[in-house]
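As structure tokens, the structure follows; a few thoughts come after it.
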Amino acid sequence: MNWYGESGAYSLDAEAAAARVRQNTNPAPKKLCDWKELEAAGVVKSRGEYLAAVREVSVFMANEGIAKALSEKDTEMLQMVRMLDELDDVINLLTERLTEWHQSTTPGSSRKYTRAASKKFIQTVAKSKNPSMKSVAREILSLTSLRTNLMKDVSRTADAVIPNMSALVGGLVAARLVSRAGSLSLMAKMPGSSIQVLGAESALFSHIRAGTPSPKHGLIFQHRRVHNAPREVRGKLARVLSAKLAIACRLDAYRGELDEAFVADANAKIDKIMEAGE
Amino acid sequence: MKSIGKTLVSEGAGGVYGERMLEGCRVWDPYRSKLSALWYLDKSTDLKADDVVLYLGAANGTTVSHVADYVEAVYAVEFAPRPMQDLLAVSARRKNIVPIFGDATRPKEYAALLEPADILYQDVAQPNQAEIIIRHLPFLKKGGQVILMLKTRSVDIRKTPEEVFAESCAEIEAAGLTVEKGVWLNPYHIDHAAIVCRK
């Protein structure tokens, strides 16, 4: 059936038409819409009127669809974690440039050998006499505190939105994984092996194309149990952890609440591998 | 299609995406739009005033807005929510665009909205681009034209673009289409080919 209904019972009402469009199960209908039918029945007077009516239906459906997509629980978390990573880049870039600037105006200054922490260094510059340099340093400091707050926000949101994954690898890493996968529902359809190399795409493709060694871990390397693990078991650990993450992700996507038994079980298994390596 | 000097333009209200204007017409940039690139490389591409176009992969509606300047109606399908918001904004100003929020791999979701099209245009980043074209053939008139903007890198990164091109052409021909020409869109779009066919 077409969006405007059947002969004798034509209707242009957007809501009813949307329901008819959704009911359709035939991917290749024999009879497509024909605006001449409606004209003959006197429902529309012109081609323009037909187009206006069909647009009303499609725009109605689009608005509904977009509202639904935007109300997905992970949408905002993804934007937050992307903003966080972007902030990191900006802060590093500005800090580097400010260091160069400061060194070029201060003959005796060098960050070599002193290993001054970058935050301490920025605080020193913030007291400098050069007014522009001073205000740049202050901006960086305020960006840094903004970043800290945002990071806490991301962790808190992740604990609520993706509780099982957060329990396994912490909110921040879990949120980054979802961000790289695209969305929670996309990630829930991924096998563990894909999750294992999320974030290591260039290494993966160079492995597929040129036969270089395959990547053992992508973003999950940021989780402490992976990067603290002894080299020999790191690959194994990454594999097991990502398999558990795949399960956790599906729990988060389709059940949406913390499964303590599963998390305890998974953590025990991962810790056992850690111990075996030591 | 209309050109001023050697520049492709379309007639319509400007300011859709900050495009340049030339003598009151909108300049259609080949580096931003594959259909424009195709015109620069092969002048036989044409859009007629009474055409109905089924456009898969409408994205933000940049190319769609130009197509809409030329033809009678465009059914524009896009499945990502963010670009769809932009497409809706574009279609609010152009009354001959029907914006459809749907997944081109599942035409049944919006089949009941469509009417027979003169031109089926596709620009989607999916591995099964030829298959998506074939699934939409029921919506194309007999003798209608198919313009497939083949993104070879989305089909298979391990094969060379030429291999992907040959395989896609074979797949389309097996479905009963006649491939009229294949145009590589260098230098405007790297590893993209336009395949023009007839039903």
Matching residues in the stretch A:222-231 - criterion: being open to solvent by 30 Å² or more (accessible area, probe 1.4 Å) and part of a helix (DSSP H, G or I): A:GLN222, A:ARG224, A:HIS227, A:ARG231
Looking only at the stretch B:2-24, and only at residues there that are touching a residue at least 24 places away in the same chain (Cβ under 8 Å) and open to solvent by less than 40 Å² (accessible area, probe 1.4 Å), the one that is farthest from B:ALA89 (Cα to Cα): B:LEU8
When residues of the stretch B:139-190 are limited to those that are of a type in the set (D, E, K, R) and part of a loop (DSSP other than H, G, I, E, B), the one most open to solvent (accessible area, probe 1.4 Å): B:ARG158
Given (1) surrounded by 17 or more Cβ atoms within 10 Å (Cβ to Cβ); (2) hydrophobic (A, V, I, L, M, F, W, C); (3) at the interface with chain B (Cβ under 7 Å from one of its Cβ atoms), number of the condition A:ALA18 does not satisfy: (3)
Subset of the stretch A:27-79 [at the interface with chain B (Cβ under 10 Å from one of its Cβ atoms), outside any helix (DSSP H, G or I) and modelled with pLDDT of 90 or more]: A:LEU32, A:CYS33, A:ASP34
Among the residues listed as A:ALA40, A:ALA19, the single one being closer than 24 Å to B:SER91 by Cβ and out of contact with any helix residue (DSSP H, G or I) (no Cβ under 9 Å at 6 or more places or on another chain): A:ALA19
Matching residues, the stretch A:163-211, being part of a helix (DSSP H, G or I), open to solvent by 50 Å² or more (accessible area, probe 1.4 Å) and in contact (Cβ under 8 Å) with a residue 40 or more places away in the chain: A:SER185, A:SER193
Sole exception among (1) outside any helix (DSSP H, G or I); (2) open to solvent by less than 20 Å² (accessible area, probe 1.4 Å) for B:HIS66, by number: (1)
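Okay, residues lined up against (1) open to solvent by less than 30 Å² (accessible area, probe 1.4 Å); (2) outside any helix (DSSP H, G or I); (3) in contact with a strand residue (DSSP E or B) (Cβ under 8 Å, 6 or more places away or on another chain); (4) under 21 Å from A:VAL178 (Cα atoms):
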residue	(1), (2), (3), (4)
A:VAL233	yes, no, no, no
A:VAL240	yes, no, no, yes
A:ALA243	no, no, no, yes
A:CYS249	yes, no, no, yes
A:VAL263	yes, no, no, yes
A:ALA266	yes, no, no, yes
A:LYS269	no, no, no, no
A:LYS272	no, no, no, no
A:ALA276	no, no, no, no
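Rundown of residues vs (1) touching a strand residue (DSSP E or B) at 6+ places or on another chain (Cβ under 7 Å); (2) in a strand (DSSP E or B); (3) within 14 Å of chain A (Cβ to nearest Cβ); (4) surrounded by fewer than 20 Cβ atoms within 10 Å (Cβ to Cβ), yes/no style:
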| residue | (1), (2), (3), (4) |
| --- | --- |
| B:LYS108 | no, no, yes, yes |
| B:VAL124 | yes, no, no, no |
| B:ILE133 | yes, no, yes, no |
| B:ILE195 | yes, yes, no, no |
Pick from the stretch B:69-85, criterion in contact with a strand residue (DSSP E or B) (Cβ under 9 Å, 6 or more places away or on another chain) and of a type in the set (D, E, K, R), ranking: least open to solvent (accessible area, probe 1.4 Å): B:GLU78
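The values are calculated or read from the model by the stated rules, or taken from the named source; none is laboratory data. The structure presented is a predicted model; accordingly, all values stated were derived computationally and were not measured. We place every Cβ from the backbone using ideal geometry, glycine too, and count neighbours over all the protein chains shown. Calculation scope for accessible area: heavy atoms of the full protein, side chains included, ligands and nucleic acids excluded. Shrake-Rupley method; radii C 1.70, N 1.55, O 1.52, S 1.80 Å.
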